[in-house]
1. What length, rounded to one decimal in nm, is gained on full extension from Asp319 through to Arg66, with 0.36 nm per residue of separation minus their alpha-carbon distance?
2. Would you pull out the residues with amide H under 5 Å of Ile273's amide H, same chain only if 5 or more places away, H placed 1.01 Å from N?
3. With label points built 7 Å along Cα→Cβ from the Cα atoms of Phe440 and Val37, find their separation and express it in nm.
4. Run the reach check for Lys254 against lysines, Cα to Cα strictly under 27 Å, same-chain hits fewer than 8 apart removed. What comes back?
5. Determine the percent antiparallel among the DSSP beta bridges restricted to the chain, to the nearest 5.
6. With a cut-off of at most 15 other beta carbons within 10 Å, and DSSP calling the residue loop, which trypsin sites (Lys or Arg not before Pro) in segment 355-421 qualify? Please list them.
7. Tell me, what HN-Hα J-couplings in whole Hz come from the Karplus equation 6.51 cos²θ - 1.76 cosθ + 1.60 at θ = phi - 60° for each residue of segment 320-326, using x for Gly and Pro?
8. Using the Kirkwood formula over every pair of different C-alpha atoms, what hydrodynamic radius in Å results for the chain?
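Bear in mind these aren't lab numbers, they're just calculated from the coordinates by the rules spelled out. Predicted model, so just to flag it, every value in this text is computed and none were measured. FYI the Cβ positions are ideal-geometry reconstructions off the backbone, even for glycines, and counts take in every protein chain you see.
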Amino acid sequence: MIVSQAATPSGAETSVSSVDLLPVAQRTRDAAQQLAVLSTADKNRAIRAIADALSHHRDDILEANRLDCEAAVIDQLPKPLYGRLKLDAVKLDGAIVGVQDVAKLPDPVGIVQLHRALDAGLELKRVSSPLGVLGVIFESRPDAVMQISSLAVKSGNGVILKGGREAVRSCQALVTAIRVGLEQAGLNPDAVQLLTTREETRAMLALDGYIDLIIPRGSNAFVQFVQDNTRIPVLGHADGICHLYIDEAADLQKSIDIAVDAKVGYPSACNAIETLLVHRAIAAQFLPQIAQALQDKDVELRGDTLTQSLVANSLSATDEDWATEYSDLILAIKVVDSLGEAIAHINTYGSRHTDAIVTENRAAAATFRNQVNAAGVYHNCSTRFADGFRYGFGAEVGISTQTMPPRGPVGLEGLVTYKYHLVGDGHVVATYSGADAKPFIHQDLS
């Protein structure tokens, strides 16, 4: 069902069937048009009100998530999805701080990107503007509701959210609080809507007249399904098959620290590494050390033939392992003969998310960054830095693995487009055409 709440301080819910999705989408578009013209101060006030409402509804949100987690255990939800689903007090409080931080970010709307005089009294401006209405579909992670909603408000966009069925209670509690916050700030709460059924997802994909961008967050198969079933532009966030390559010129202790952080800290995150590539020249020395460090953290290792000969208790890796996002304490390891082979492997099996090299050879690092086709290419640091908050974006709606921009963590700048504003005083094209055409001056203005 659609969670569509009446504009009351209580935030009471009114459920409507999927046949009413079109009117709901229209209300979201109307609310988005109101958001689009708000001042920066008004949008920031609304975001702070959302944060306050989330804090006020804290117990309700945590209880809803507890019920979701209990149901997930009964339903035997896969461990990686369960990790993303769980929203404890610490995680919730951190997410609320993240919402507050969005209010501190520069307003991406109304930025004059180009100001040019075409002729005296005929001035052209390119001005950043909201996209309109976002449709965001995601699995498990209820904290995404808070990030996406706050970014949508700041960028002047309405948003229709669709979380996974495993997180439905959590998402409902969060959207209830967010809508209350919007109303308390004097804004139309219809700017944020929630869908809860698969039927509504399909219906949303058909709303090309009302939704301006679909952002799916899930598996490659899911993203492909969305792309195949809508005419709405899609900002794809697919698998996170991230790599760490240990070069022959790597500092081994540095390599161990980075590899453990990139795999163990949050294995279900899309920016955790799934494959470790090691240069043959250092394999005999390095692999036993890194294997011990990872196995001490309960990481299951799957390796090629040489890796298995050097690492006790490692399993055999297959071609399928190189193309798998485990989202768990499992790591595939392959020994390569050169930097070029490492780059070729990454470009063949990677998902264009984030890949890193550890090396003290700056030329090798530059080659890696230039030739690996990924949104994030790192040198001597963990892939876990691939995150909108860590980039200083405040929050993110997802990480785009497509080649065209926006790419990587998508924050506010990825949620705006631009318009060309042309202001004249009776100017007509005929003046600038024909045998006596007047030339344009094309003078950039400050």
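1. 87.2 nm
2. Lys263
3. 3.0
4. Result set, ordered by chain and number: Lys263, Lys297, Lys334.
5. Given both bridge residues lie in the chain, the antiparallel proportion sits at roughly 40 percent.
6. Numbers: sites: Arg362, Arg369, Arg384, Arg390, Arg407, Lys419; in loops: Arg390, Arg407.
Loop-located and lightly packed - Arg390.
7. 5, 5, 5, 10, 10, 9, 6
8. On the way: mean 1/r = 0.0421 Å⁻¹.
Over the chain, the inverse of the mean reciprocal pair distance is 23.7 Å.
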